[in-house]
Amino acid sequence: MSAIKSVYLAIVLIAFLTSLISFRSGLPFHLKLFAGLLGLTFVVEIFCLYFLWTLHIKNTMVVYGPFNLVEFWVYGYFYYLLIRVKALRRIILLFLVVFPIFWLATFIFIFRFNQWNTYVTVAGSFFSILFVLMYYYQLVMAEEIQSIRHLPEFWIATGMLMFYLWELPFFGTLNFFLSYYLAHRSVNLALLNTRLVLDCLMYASFSYGYLCRIVNTTKYSSS
């Protein structure tokens, strides 16, 4: 396992452990839901890294495939709980209904768990970016200005935007890069490492989001 992969797993674990504080601090349900997703993410990564290879099962899509459905759907539900603008909530609700059908259709008729479902990743990345922009719009249009320094949802959204702005074009052109993998191995390795670095930054942003809320809550409760 590469050093950057080890760092990535450590940061995901830290993000999950940090998010557990939300269950003791009276944070809203959407933050607890997100904490559960972080825990599931760490379990999936460890399972694919160690157990599937131990069992000599190299097709990790049997795990990553269903996880991608859960991950993007939870993202959608997270923002559905967070956003109050009715028109935007309708868009998110439509996504929550249609996305599982889209996931099932692409896996049954196109990818069949034999390769990475780029259609799902591209669609999920696009809507993740869209949801973040919806949240930013809600923040800007709010009557009461909130301090983003102690707003966990802002740091979660910002981490997601930073990562999925890369993820969307990367997986949109993945088949191109794979077709030239042998001739441009160093280029592909650099792209994968860049993706891991951005992944680390995203989960670090999640950790900060939970920590800043806890610090702020402790500050006001002790004053």
Among the residues of region 110-165, the number that are part of a helix (DSSP H, G or I) and among the acidic types (Asp, Glu) is 1
Taking region 82-95 and keeping only residues that are surrounded by fewer than 16 Cβ atoms within 10 Å (Cβ to Cβ), under 22 Å from Leu37 (Cβ atoms) and in contact (Cβ under 8 Å) with a residue 12 or more places away in the chain, one is left with Arg84, Leu93
Going through (1) charged (D, E, K, R); (2) assigned to a helix (DSSP H, G or I); (3) within 30 Å of Ala190 (Cβ to Cβ) one by one, Lys58 fails only at (2)
For region 96-116, the count of residues that are touching a residue at least 24 places away in the same chain (Cβ under 8 Å) and under 18 Å from Tyr75 (Cα atoms) equals 3
Flagged in region 3-25 as of a type outside the set (A, V, I, L, M) and either closer than 15 Å to Met202 by Cα or in contact (Cβ under 8 Å) with a residue 60 or more places away in the chain (or both), in numbering order, are Lys5, Tyr8, Phe16, Thr18, Ser19, Ser22, Ser25
Only one of Gly26, Gly39 is surrounded by fewer than 19 Cβ atoms within 10 Å (Cβ to Cβ), among the small types (Gly, Ala, Ser) and modelled with pLDDT of 75 or more, namely Gly39
When every residue in region 1-48 that is polar (S, T, N, Q) and assigned to a helix (DSSP H, G or I) is compared, the one farthest from Ile83 (Cα to Cα) is Ser6
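The values are calculated or read from the model by the stated rules, or taken from the named source; none is laboratory data. Remember, it's a predicted structure, so these values are computed and weren't measured experimentally. Neighbour counts run over all protein chains shown; Cβ positions are idealised from the backbone, glycine included.
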